[in-house]
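The values are calculated or read from the model by the stated rules, or taken from the named source; none is laboratory data. Because the structure is predicted, anything quoted here is derived from the model rather than measured. Cβ placement follows ideal geometry from the backbone for every residue including glycine, while neighbour counts extend to all protein chains displayed. Accessible surface areas use protein heavy atoms only, side chains included; no ligands, DNA or RNA. Shrake-Rupley method; radii C 1.70, N 1.55, O 1.52, S 1.80 Å.
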Amino acid sequence: MFRYSFQRLLLALTVSVALSFATFLLLNFATDPAYAIAGEDAELEVVEQIREDYGFNRPVLVRYGEWAVGVLQGDFGESYYWNKPVSELVVDRAPITLRLAFLSLAVTILLAIPLGIIAALNPNTFVDRFALGFAVSAQAIPNFWLGLIMIILFAVNWRIFPVSGDDTLLHFVLPAFVLGASSVPAVMRLTRTGMLDVMESDYIRTARAKGYSGVALVKRHAIRNAILPVISVLAVQLGSKFSGSVITETIFAINGLGRLALESILGGDIPTLQLLIFIFAIVFVMMNLLADILNAALDPRLRIAG
């Protein structure tokens, strides 16, 4: 198990370094940092002076090396747009995005797993088709459209929840539902498939012969094995929610990392955007690593194959 985990960790670190390098190259080739600081209407002499002062005229590989060394030392650079350390911006806003990510994951769990179990216990019935239809609808609806509909219904017309902001827990109800609904189809279908496979197994027939049925059968025998693949998928979903909250945070005016990323794009703030993309990539890669380790812990065959 230790060898398998070490191999996956080494692969995750390699992917993270490669992603940071590719991001650095793309950001610096996509826009000129000197113009981002001076402004599009700045004179050429001013731009050249900024390029000289900040070292933008040096090779990209040299600048990436300096950035990577700074990251290892805890120095993430200075924001061009806010004129403050990038680390302060991230530290201020990261807890908000974390709260939104965990709440949206809770929404996914509360919706997807019960729907998957109910659908599997009633295969090829109206209940099963309703659950599958709900999953398909949730997957087809874009987050920005669903967010606007939630605001109109529950914040403007009925005034149950706040329209925007992140001051209280109520402010997170609508965005958590919007962000969590996008993951319901995948988790629900996986739960349904796992339950269908488990319900046809020999030990379930043995349990039924012993008198177990209904909720007792599902709770004590079926769900334990059916839910194992879902656990690793939920780890990946948590990483995707942390890094995929840009649209949701923008719609609901939540001052998290997603909105910070959008503001950095609009302001041409390369240092902030570089660190944010690196953080999103690290979180996603580490959640995939966690999913691999969980799968290996639950299924010894994967450790042998690895």
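The angle between the Cα long axis of helix 2-30 and the main principal axis of the chain comes to about 40°, on a 0 to 90 degree scale. Quick one: angle between helix 126-140 and the longest Cα principal axis of the chain, in degrees between 0 and 90, rounded to 10, please. The two axes meet at around 10 degrees.
For the range 165-238 versus the range 8-44, the spacing of their alpha-carbon centroids is 40 Å. Round to a whole number: what % of the accessible area of the chain belongs to carbon and sulfur, probe 1.4 Å? Ligands and nucleic acids excluded, carbon and sulfur give 66 percent.
How high is the relative contact order of the chain, in percent, with contacts defined as C-alpha pairs under 8 Å that are six or more residues apart? Write out the running numbers ahead of the final one.
Values: 366 pairs, mean separation 82.9, N = 306.
Result for the chain is 27 percent.
A P(r) calculated from all alpha carbon pairs of the range 109-211, with 10 Å bins opening at zero, reads 15, 33, 27, 15, 8, 2 percent.
Sorted into 5 angstrom bins from 0, the C-alpha pair distances of the range 222-262 split as 6, 22, 19, 14, 11, 10, 8, 7, 2 percent. The charge dipole of the range 1-111, taken about its Cα centre with unit charges on the Cβ of Lys, Arg, Asp and Glu (plus for the first two, minus for the last two), comes to roughly 1060 debye.
Using the crude model of +1 on Lys and Arg Cβ and -1 on Asp and Glu Cβ, and no other charge, please compute the dipole size for the chain relative to its Cα centre, in debye to 20. Please list the in-between numbers first.
Numbers: 22 positive and 24 negative charges, 496 e Å.
Dipole size: approximately 2380 debye.
Each of GLU249, GLU43 has its accessible area taken with a 1.4 Å probe; listed largest first, they run GLU43, GLU249. The heavy atoms of ARG51 present about 40 square angstrom of accessible area, all protein chains included, probe 1.4 Å. Based on alpha-carbon atoms, the Kirkwood radius and the radius of gyration of the chain give Rg/Rh equal to 1.07. Taking all protein chains together, PHE56, PHE126, PHE102 sort by accessible area into PHE126, PHE102, PHE56, largest first [probe 1.4 Å]. Give me the base-10 log of I(q)/I(0) for the range 112-161 at each q in 0.13, 0.19 Å⁻¹, Debye formula, one uniform scatterer per Cα, rounded to two decimals. Per q value, in the given order, log10 I(q)/I(0) is -0.45, -0.71.
Does anyone have the angle between helix 86-121 and the longest principal axis of the chain? Alpha-carbon axes, 0 to 90°, nearest 10? Orientation of helix 86-121: about 20 degrees from the principal axis.
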